[in-house]
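Let me begin by presenting the structure, written as structure tokens, before commenting on it.
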Amino acid sequence: MSYDFVTVRHIGATGVVSIDNPPVNALHPDVAVEIEHAARAIEKDLDLRSMILIGTGRCFVAGGDIRYFTEIDREGAAAMALRVQRMQQALFDLRVPVIAAINGHALGGGLELLLSCDIAIAEEQARIGVTEVQLGLIPGAGGTQMLFSALPVGTAKRLLFTGDRLPAGEAHAIGLVDQVCPPGGSLEAALAIAERINRAGPLAVEAAKRSANYRLRHSLDEGHRREVEIFAALFDTEDHREGITAFLEGRAPHYRRR
């Protein structure tokens, strides 16, 4: 499909989705729809083994579309939040790992979007936070829920209650992002991680994501049982046999995703 608010390109086995809704990449529902469509296209392309989500310009996503907020009522707000949640669920459930390259500010909906990705790399000039209380609102696309999977309870509540904007370094120190890089370096850093992902067994990486995400939604005991099921199923794959054979023969494996 054609896009108005995102661009999609392939770099090797990585699909790179760039959000382009100037001036600050506000997360209008139409932007969310296009991110979801781009992700689903990557899902179907079995030659792709990873995805990177990045912003264009000085922001990753600086929040929801405030002007749009003035045009909607309670029902419209609920529909908007559910629309964004659907897009974020698509990223969370995506077949391949999703790396957020935080090229600039990730505020409000931008942080919620970051939390829907598997790995986050932030440029050092970025500011990151859930700022909705400063507008008399709360996060509506999962922020009050997902923060507690990423942070200690008190830290998550502090961010929710104050709307603080954290420097990238502080966000890294508390575990909100996984790596900090110099300005302009987020795509390069994300591609370096993606390249390592792409060299691994694709069925194994997809299985690892499914198992890890299952644990985020279930108890430890349930997670252990599900992990065994996913682990054992890989023994039926050609890729598993190729990985073991390549290791024993001292060569690089040639995975065929079957």
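The values are calculated or read from the model by the stated rules, or taken from the named source; none is laboratory data. Predicted, not measured: the structure shown is a model, and the values here were computed from it. Note that each Cβ is placed from the backbone with ideal geometry, even for glycine, and that neighbours are counted across all protein chains shown.
One table, with the values for the structure above:
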{"read-out": "Strands (runs of 3 or more DSSP E) wholly inside the stretch 1-75 containing at least 1 residues that are closer than 22 Å to I193 by Cα and touching a Ser or Thr at 6+ places or on another chain (Cβ under 6 Å)", "value": "6-11, 14-19, 50-55"}
{"read-out": "Qualifying residue in the stretch 185-199 (condition: out of contact with any helix residue (DSSP H, G or I) (no Cβ under 8 Å at 6 or more places or on another chain) and over 18 Å from M51 (Cβ atoms))", "value": "yes"}
{"read-out": "Every residue from the stretch 137-151 that is in contact (Cβ under 8 Å) with a residue 40 or more places away in the chain and part of a helix (DSSP H, G or I)", "value": "S149"}
{"read-out": "Those residues of the stretch 102-115 which are touching a Pro at 6+ places or on another chain (Cβ under 9 Å) and in a helix (DSSP H, G or I), in sequence order", "value": "G109, L111, E112"}
{"read-out": "Test: residue in the stretch 93-101 that is more than 23 Å from P202 (Cβ to Cβ), part of a loop (DSSP other than H, G, I, E, B) and either in contact (Cβ under 8 Å) with a residue 40 or more places away in the chain or among the β-branched types (V, I, T) (or both)", "value": "no"}
{"read-out": "Checking M1 against (1) in the same structural domain as E188 (by TED's automatic domain parsing); (2) of a type in the set (A, V, I, L, M); (3) surrounded by fewer than 19 Cβ atoms within 10 Å (Cβ to Cβ), the condition it does not meet", "value": "(1)"}
{"read-out": "Among the residues listed as Q125, Q85, Q89, Q134, the single one being among the polar types (S, T, N, Q), surrounded by fewer than 19 Cβ atoms within 10 Å (Cβ to Cβ), touching a residue at least 24 places away in the same chain (Cβ under 8 Å) and not in a helix (DSSP H, G or I)", "value": "Q125"}
{"read-out": "Checklist (1) in a helix (DSSP H, G or I); (2) within 23 Å of I42 (Cβ to Cβ); (3) at pLDDT below 95 applied to R257, failing item", "value": "(1)"}
{"read-out": "Residues being over 17 Å from A126 (Cβ atoms) and not in a helix (DSSP H, G or I) - total across the stretch 152-174", "value": "1"}
{"read-out": "A120, sole failed condition from (1) outside any strand (DSSP E or B); (2) at negative phi", "value": "(1)"}
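Conditions tested, residue by residue: (1) of a type outside the set (F, W, Y); (2) surrounded by fewer than 23 Cβ atoms within 10 Å (Cβ to Cβ); (3) in contact with a Phe, Trp or Tyr (Cβ under 8 Å, 6 or more places away or on another chain); (4) touching a residue at least 60 places away in the same chain (Cβ under 8 Å).
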| residue | (1), (2), (3), (4) |
| --- | --- |
| P23 | yes, yes, no, no |
| L27 | yes, no, no, yes |
| A41 | yes, yes, no, no |
| Y68 | no, yes, no, no |
